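**Student:** Before anything else, here's the structure in question.
The values are calculated or read from the model by the stated rules, or taken from the named source; none is laboratory data. Everything numeric in this text was worked out from a predicted model, so none of it was measured. Cβ: placed from backbone, ideal geometry, glycine included. Neighbour counts: every protein chain shown. For accessibility, only protein heavy atoms count, side chains too; no ligands or nucleic acids. Shrake-Rupley method; radii C 1.70, N 1.55, O 1.52, S 1.80 Å.
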Amino acid sequence: MMNKTSERPNMHLHLKIWRQLNAAAPGKFVSYEKENVSPDMSFLEMLDELNEHLIKTGGDPVAFDSDCREGICGMCGLVINGQAHGPRRATTTCQLHMRSFNDGDTITIEPWRAKAFPVVRDLVVDRSAFDRIIQAGGYVSVNAGNAQDANALPISKYNSDLAMDAASCIGCGACVAACPNASASLFTSAKVSQLALLPQGLVERKERAINMVSQMDLEGFGDCSNYGECEAACPKEISISNIARMKREYVRAALTSA
Amino acid sequence: MTLDAKIPVGPIQEKWDKHRFNMKLVNPANKRKYTIIVVGTGLAGASAAASLGELGYNVQNFCIQDSPRRAHSIAAQGGINAAKNYPNDGDSVWRLFYDTVKGGDYRSREANVYRLAQVSNNIIDQCVAQGVPFAREYGGLLSNRSFGGAQVSRTFYARGQTGQQLLLGAYSSLSRQIKEKKVAMFTRHEMLDLVVIDGKARGIVTRNLITGKIESFAADAVLLATGGYGNVYYLSTNAVNSNATAVWRAHKRGAYFANPCFVQIHPTCIPVTGDHQSKLTLMSESLRNDGRVWVPKAKGDKRPANEIPEEERDYYLERRYPAFGNLVPRDIASRAAKQVCDEGRGVGKTGLAVYLDFADAIKRLGRKAIEEKYGNLFEMYERITDENPYNVPMRIFPAIHYTMGGLWVDYNLQSTVPGLFVLGEANFSDHGANRLGASALMQGLADGYFVAPYTVGNYIGSNKFEPVTTDHPAFKASEKEVDDLVKKLLAVNGTKTAHELNRELGLIMWEYVGMGRSEEGLKKALEEIPKLREEFWKSIKVAGTGETLNQNLEEAGRLADYLELAELIARDALNRRESCGGHFREESQTPEGEAKRDDENYSYVAAWEFKGTEEAPELHKESLTFEHVPLTQRSYK
Ligand SMILES: Cc1cc2nc3c(=O)[nH]c(=O)nc-3n(C[C@H](O)[C@H](O)[C@H](O)COP(=O)(O)OP(=O)(O)OC[C@H]3O[C@@H](n4cnc5c(N)ncnc54)[C@H](O)[C@@H]3O)c2cc1C
Ligand code: FES
């Protein structure tokens, strides 16, 4: 392999970062110079170092969310050079490493942009709309203690695997940030699909589809016009075919209820 | 105060059933009159909040992330144990119980562990009913795999994302209760104090992480499910926001801290690359099912792995532990890795790594099968290291991973503060001195779905509660203390950042209270930690103000607590002059270098009572008796 990272020299980068004090305040880009960036660093470690410098020099560190830093909690999420989670396919911001950049690059860093995701501060946004979509029906109504033996219900491996593909969604919101309409269809459909593919989900299937889709609209997310940007930006490669399944579920529910 | 574990009498198989029968019940119509606070939304917290909501209590649930779904449990990879015996390979409740007590190196309570094994099967049923997509065989039934410390296949999994799927299951149940208004959810709220009134836990004080507002919440019982304290070591596999503040502040209010020195070091993590490192990434233990661990036989052999011929490789785990091979428990695998690196046989640039090699498994099973089992882990490895583990062996090294120690709880999961219950990794209860793989998820969900809903109900049913509001002077006093602490942190205005000081603390802990601990080293740590604490209060620099989202302030507050807890960890390690599980005292080993327990003198739980930051804590002992699993020196040979 060319350019094994460990052999690449450290880089100097020009950063343009969105700064905004709170939801009400106007925001703007501020430029920072970041030297000595090791290609082995993660993108967030690069920002950690910038913040260390800002704190020490009396500046105001950049607020950004992260937690697991393993690509699974869905807490991180930055628009990097116009792309949700940056340039690497199927990679969250926390898993993006600086070896994806070159010495002298200018990097623009912004928060998710969507009406339903108001900015909290700098690069941190409020994604509670996603929680409310799940609350609208993203569950099977089974109280603790109600369950039968797990193997009493065989499920074909094929369906179970498809359900798992959909269930891999980490709820980061990149799909919304990438969509020209700021639609939450990929997120919502991942949950609708997971439960539609499994026998456990069938009892509440109609209400689920209708209530989750209605909540999505209520939160101010846009419609899906099949741009496909969501699938391309999704760090977990959730397939857009889930949206088609959700639409079928919705139509089926609308036609058979009432 | 003498510690009473409140273990029910009677044969171990019947204890839990009898105990449940003897419990006081709360009339369904009365449940909504009681408010229960649950802090944490990981497996333990989310499952408890949802279950208590289902029962009809009024629940208030708190977490620090922006959504309950992001709790650290989400990151668990490998799987969850249960005694289903679906593979028909000889498993049973008794065997899971036995393996867990033995794996914990005989430092856990038999009755608790037995109950855990008993309810393990209900957990799998519950999760499947929720729609958790566990791995399945072609016939449509559930699939199992093996984990360290067991010779049966009892681990259920959902690819390499088991924690995610279990947590999303619990989160879905929680979401349903939120919608039904049985649970009120408070995200981005950090608990900063426990409020105790008339000797009972009656509420908490939190800081709203967005507005900085200090708020009080009153309740009839408080449940902490706030996770482990591994980040005291700075670098660990924990999420960067995992912290010890809730348990530490509760400790200062009277909850004893048990076995703090029992910290698990996981053998298979991606090695450190430099000072910028903010966390360490685990490579699931399940990889040891198919990966073979080795180093070169010769010291300082710097050839690339594929140029080292078979006969010049030392598969040291297979050599030393033929019965369990690469699947020995974590503490043993970690120490063995340290030993070969200490001998100068470590690999990679730093020499602080060993190989985990899949070449044989790929040859035997084909690349596709390996991809199916571990694809996402291999991808994660490649993203981080830029090396492709299908072609070259992984490089791995031990890292801080899990804390068996935690707040002391009795059989009912109640701490020494009445009305304060502690669940999941935050308590000390079930894993003794070493946790077996895939047992933390089991314990978190057991506590939340199947234990606390009963025992908390019993507490509510058997106590009288004076009405208390947040106007009570105890709340006002706590609010003031919390506010003062925030102001104090902001006022120091020194020269060092929280990251820098936490890194320094981490180095002390890793060096002296890490994989090998000695009297001399621990004494040194006990000198260094208070010095660093003093330095912290002189030189910490926190940016910004307390009235906005201020992540730097959050970090500094957590570090202030680590600097106190670290000292207790070292003190506990010094007190325990035996090796057991994850706690290896250099002075106490067999001629072959294996851990040597001292059952005569240390067969007890060390529960520490807080006496003041600069005062020595008081040690209370809960002695452990083993009636069902005979005490033997653990052997995995
Ligand atoms: C990388 C990794 C992989 C793992 N893999 C496995 C595995 O395969 N199998 C297994 O059994 N175990 C595994 N474990 C261990 C297991 O994941 C954890 O022990 C377990 O998930 C802990 O769950 P919990 O509910 O106790 O706490 P957590 O999931 O840590 O949740 C803590 C909760 O408390 C909240 N909180 C914390 N402090 C406060 C505060 N002050 N105020 C308000 N809220 C607060 C947090 O917001 C969060 O919601 C793994 C651990 C790691 C790190
Ligand atoms: S921080 Fe968890 S996904 Fe990035």
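**Student:** When both residues are 6+ apart or on different chains and their Cβ atoms are under 7 Å apart, which pairs have a first residue that lies in the range B:288-300 and is open to solvent by 10 Å² or more (accessible area, probe 1.4 Å), and a second that is in a strand (DSSP E or B)?
**Tutor:** Filtered contacts from the range B:288-300: B:Asn289/B:Arg145; B:Arg292/B:Asp357; B:Lys297/B:Arg313; B:Lys297/B:Asp314.
**Student:** Can you list the helices (runs of 4 or more DSSP H) lying wholly within the range A:180-258 that have 3 or more residues being open to solvent by 60 Å² or more (accessible area, probe 1.4 Å) and not small (Gly, Ala, Ser)?
**Tutor:** By residue number, A:205-218, A:241-256.
**Student:** Any residue in the range B:469-481 that's in a helix (DSSP H, G or I): show its pairings with residues that are among the hydroxyl-bearing types (Ser, Thr, Tyr) and open to solvent by less than 40 Å² (accessible area, probe 1.4 Å) at Cβ separation under 9 Å, as long as the two are six or more apart or on different chains.
**Tutor:** B:Phe475/B:Ser216; B:Lys476/B:Ser216; B:Ser478/B:Ser216; B:Glu479/B:Ser216
**Student:** Then there is this: Among the residues that make up the range B:93-115, is at least one of them of a type in the set (A, V, I, L, M), over 20 Å from B:Lys182 (Cβ atoms), open to solvent by less than 10 Å² (accessible area, probe 1.4 Å) and within 16 Å of ligand 1 (Cβ to nearest atom)?
**Tutor:** Checked the range B:93-115: at least one residue is of a type in the set (A, V, I, L, M), over 20 Å from B:Lys182 (Cβ atoms), open to solvent by less than 10 Å² (accessible area, probe 1.4 Å) and within 16 Å of ligand 1 (Cβ to nearest atom).
**Student:** Give me the residue from the range B:144-164 that is part of a loop (DSSP other than H, G, I, E, B) and facing chain A (nearest Cβ under 9 Å) and, out of that set, most open to solvent (accessible area, probe 1.4 Å).
**Tutor:** That would be B:Arg159.
**Student:** If a residue must be more than 9 Å from ligand 2 (Cβ to nearest atom) and open to solvent by 20 Å² or more (accessible area, probe 1.4 Å), how many such residues does the range A:67-90 contain?
**Tutor:** 6
**Student:** If a residue must be free of Cβ contacts under 8 Å to residues at least 60 places away in the same chain and in contact with a Lys or Arg (Cβ under 8 Å, 6 or more places away or on another chain), how many such residues does the range B:497-521 contain?
**Tutor:** 2
**Student:** What is the residue count in the range A:128-178 for residues that are in a helix (DSSP H, G or I), more than 28 Å from the chain's Cα centre (by Cα) and within 8 Å of another protein chain (Cβ to nearest Cβ)?
**Tutor:** Of the residues in that region, 2 qualify.
Condition check ((1) open to solvent by 10 Å² or more (accessible area, probe 1.4 Å); (2) more than 14 Å from chain A (Cβ to nearest Cβ); (3) within 12 Å of ligand 1 (Cβ to nearest atom); (4) not acidic (Asp, Glu)) across all residues:
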{"residue": "B:Val222", "(1), (2), (3), (4)": "no, yes, yes, yes"}
{"residue": "B:Ala255", "(1), (2), (3), (4)": "no, yes, no, yes"}
{"residue": "B:Ser278", "(1), (2), (3), (4)": "yes, no, no, yes"}
{"residue": "B:Leu282", "(1), (2), (3), (4)": "yes, no, yes, yes"}
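**Student:** Here is a list: A:Val62, A:Val79. Which entry is of a type in the set (A, V, I, L, M) and away from every other protein chain (no Cβ under 11 Å)?
**Tutor:** A:Val79
**Student:** Do you know which residues across the range B:1-22 are under 22 Å from B:Gln443 (Cα atoms) and open to solvent by less than 50 Å² (accessible area, probe 1.4 Å)?
**Tutor:** Within the range B:1-22, B:Ala5, B:Pro8, B:Ile12, B:Lys15, B:Trp16, B:His19 meet the criteria.
**Student:** Inspect all residues belonging to the range B:116-131 and state whether any of them is within 11 Å of chain A (Cβ to nearest Cβ) and in a loop (DSSP other than H, G, I, E, B).
**Tutor:** Yes, the range B:116-131 has at least one match.
**Student:** Need pairs with beta-carbon distance below 9 Å; first residue within 16 Å of ligand 2 (Cβ to nearest atom) and within the range A:91-104, second among the β-branched types (Val, Ile, Thr) and assigned to a loop (DSSP other than H, G, I, E, B); sequence gap 6+ or separate chains.
**Tutor:** Taking only residues 6 or more apart or on different chains, the pairs are A:Thr92/A:Ile72; A:Thr92/A:Ile170; A:His97/A:Thr91; A:Ser100/A:Thr91.
**Student:** Here are some conditions: (1) closer than 29 Å to B:Pro473 by Cβ; (2) touching a Gly at 6+ places or on another chain (Cβ under 7 Å); (3) assigned to a loop (DSSP other than H, G, I, E, B). B:Ser242 meets all but one. Which one does it not meet?
**Tutor:** Going through the list (1) closer than 29 Å to B:Pro473 by Cβ; (2) touching a Gly at 6+ places or on another chain (Cβ under 7 Å); (3) assigned to a loop (DSSP other than H, G, I, E, B), B:Ser242 breaks only (1).
**Student:** Just to be sure I understand the filter: pairs with C-beta atoms under 6 Å, separated by 6 or more residues or on different chains, first member in the range B:240-253 and within 15 Å of B:Gly424 (Cα to Cα), second member part of a loop (DSSP other than H, G, I, E, B) and open to solvent by less than 10 Å² (accessible area, probe 1.4 Å). Which pairs pass?
**Tutor:** The qualifying pairs are B:Ala244/B:Tyr229.
**Student:** In addition: Based on what the data block shows, is B:Val272 open to solvent by 10 Å² or more (accessible area, probe 1.4 Å), within 11 Å of chain A (Cβ to nearest Cβ), out of contact with any helix residue (DSSP H, G or I) (no Cβ under 7 Å at 6 or more places or on another chain) and at pLDDT 95 or above?
**Tutor:** Criteria not met by B:Val272.
**Student:** Okay, moving on. What's the total number of residues in the range B:72-90 that are open to solvent by less than 10 Å² (accessible area, probe 1.4 Å) and either more than 16 Å from ligand 1 (Cβ to nearest atom) or farther than 20 Å from B:Ser286 by Cα (or both)?
**Tutor:** 0
**Student:** A further question follows. Which of the residues belonging to the range A:65-76 are touching a His at 6+ places or on another chain (Cβ under 9 Å) and at the interface with another protein chain (Cβ under 7 Å from one of its Cβ atoms)?
**Tutor:** A:Asp67, A:Cys68, A:Cys73
**Student:** While we're looking at this one, here's another question. Go through the range B:172-210 and count every residue that is closer than 13 Å to B:Ile64 by Cα and away from ligand 1 (no atom under 15 Å from the Cβ).
**Tutor:** Total satisfying the criteria: 0.
**Student:** Can you confirm whether B:Tyr374 is surrounded by 14 or more Cβ atoms within 10 Å (Cβ to Cβ), assigned to a helix (DSSP H, G or I) and more than 16 Å from ligand 2 (Cβ to nearest atom)?
**Tutor:** yes
**Student:** Next up: Determine which member of the set B:Leu631, B:Leu624, B:Leu568, B:Leu574 is touching a helix residue (DSSP H, G or I) at 6+ places or on another chain (Cβ under 6 Å) and in contact (Cβ under 8 Å) with a residue 60 or more places away in the chain.
**Tutor:** That would be B:Leu631, the only listed residue that is touching a helix residue (DSSP H, G or I) at 6+ places or on another chain (Cβ under 6 Å) and in contact (Cβ under 8 Å) with a residue 60 or more places away in the chain.
**Student:** Of everything in the range B:517-545 that's within 14 Å of another protein chain (Cβ to nearest Cβ) and of a type outside the set (A, V, I, L, M, F, W, C), which residue is farthest from B:Glu504 (Cα to Cα)?
**Tutor:** Checked the range B:517-545; the qualifying residue farthest from B:Glu504 (Cα to Cα) is B:Thr545.
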